[in-house]
Amino acid sequence: MSQTIFFDQLLFEKNIPQLPRLKQVVFCIEYTNLSQVDDTGDDPWRKFYYQRFMGLQVPTISVFDPRQYSLALVQNFVRFKKILYRYLQEGTIVDCDASGWGTNYKKQNRTDPNKVAQERALVQEDGLMDFTLNKNRIQAIINRCKEEKLQILIVSMPQTQVYGRYLNPKKLLAIQKACFEFQQKNLGTAYYLNLFNDARFSDDDFYDADHLNDVGATKCSRIVNENLSAMEKTLQ
């Protein structure tokens, strides 16, 4: 889940007025995003896509930045050349089908999580434990859900055990505690589903150390749907 809570909130606030029949919201909290600061190394190229394709007004983009006027300038030259070549060959660079299901994390192409887990964990560790800014953003989303009479399901997605062993256990515990606190402070609106170490998932369900493959994603979607259905019954 590379999308930051900064963009989660922008997308939520922009789209909620256009969804009058919406009843439930699914929100993911991962190891990385509660501590993530704004405009990090992952954001520079992503934020231009959010502005161009999702219609967001991204406050961290300067009006003098030429990248907002040409997506060819967003990626580095090598990456842009690969994207252009793929588009010319396939006619698209979209990695999902018409229903939104990803098409690029197939089980048959999976990577052994033991080979990449440590590297993934090191890349994603920011060493920060201050969750204040992003917890306030999540609470603002929950408050809006209360106003709109919506339920929100906060999900910690499943990860491989080997990946979890390389994470800071103190930070991981603090993240899960924060998620439970959202549920306790917002009874009837916010629910927490912790799938991080869920025994229903095995390494065969993962594309790599921390991404589900197509089979694992289907399993996870069914579990999330079961919880949404149970939540909806509490309103009846």
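What to note about this one:
- Flag for E13 being at pLDDT 90 or above, within 26 Å of Q159 (Cα to Cα), charged (D, E, K, R) and in contact with a helix residue (DSSP H, G or I) (Cβ under 9 Å, 6 or more places away or on another chain): no
- Residue in region 111-125 that is of a type in the set (G, A, S), in contact with a Lys or Arg (Cβ under 8 Å, 6 or more places away or on another chain), at pLDDT 90 or above and not in a strand (DSSP E or B) present: yes
- Region 118-147 - residue that is more than 25 Å from L10 (Cα to Cα) and either among the polar types (S, T, N, Q) or under 17 Å from the mean Cα position of the chain (by Cα) (or both) and, of those, surrounded by the fewest Cβ atoms within 10 Å (Cβ to Cβ): V123
- Among the residues of region 181-218, those that are under 23 Å from A121 (Cβ atoms) and in a helix (DSSP H, G or I) comprise D203, D204, D205, G216, A217.
- The condition (being within 19 Å of the chain's Cα centre (by Cα) and either closer than 30 Å to D112 by Cβ or among the aliphatic types (A, V, I, L, M) (or both)) is satisfied by just one residue among L150, L235, L172, L187: L172.
- Selection count, region 51-76, where residues are closer than 23 Å to N104 by Cβ and either at pLDDT 85 or above or open to solvent by 90 Å² or more (accessible area, probe 1.4 Å) (or both): 4
- S99 being of a type in the set (G, A, S), over 20 Å from the mean Cα position of the chain (by Cα) and open to solvent by 30 Å² or more (accessible area, probe 1.4 Å): no
- Breaking point among (1) out of contact with any Phe, Trp or Tyr (no Cβ under 6 Å at 6 or more places or on another chain); (2) surrounded by 11 or more Cβ atoms within 10 Å (Cβ to Cβ), for P17: (2)
- As a summary of the residue check, V155 satisfies the conditions (1) in contact with a Ser or Thr (Cβ under 8 Å, 6 or more places away or on another chain); (2) open to solvent by less than 70 Å² (accessible area, probe 1.4 Å); (3) within 19 Å of L173 (Cα to Cα) except for the one numbered (1).
- Some residue of region 155-166 being under 16 Å from the mean Cα position of the chain (by Cα) and closer than 19 Å to K115 by Cα: yes
- Members of region 102-117 that are open to solvent by 100 Å² or more (accessible area, probe 1.4 Å) and either hydroxyl-bearing (S, T, Y) or under 24 Å from Y31 (Cα atoms) (or both): K115
Okay, residues lined up against (1) at pLDDT 95 or above; (2) in contact with a Lys or Arg (Cβ under 6 Å, 6 or more places away or on another chain); (3) open to solvent by 50 Å² or more (accessible area, probe 1.4 Å):
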residue	(1), (2), (3)
L172	yes, no, no
T189	yes, yes, no
Y192	yes, no, no
N197	no, no, yes
D204	no, no, yes
D210	no, yes, no
I223	yes, no, no
T234	no, no, yes
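- Residue within region 26-37 that is without any contact (Cβ under 8 Å) to a residue 12 or more places away in the chain and within 27 Å of K171 (Cα to Cα) present: no
The values are calculated or read from the model by the stated rules, or taken from the named source; none is laboratory data. Note that this is a predicted model, so its numbers are computed, not measured. Quick reminder, even Gly has a Cβ in these numbers, built from the backbone with ideal geometry, and neighbours come from all protein chains shown. SASA here: full protein model, heavy atoms, side chains in, ligands and nucleic acids out. Shrake-Rupley method; radii C 1.70, N 1.55, O 1.52, S 1.80 Å.
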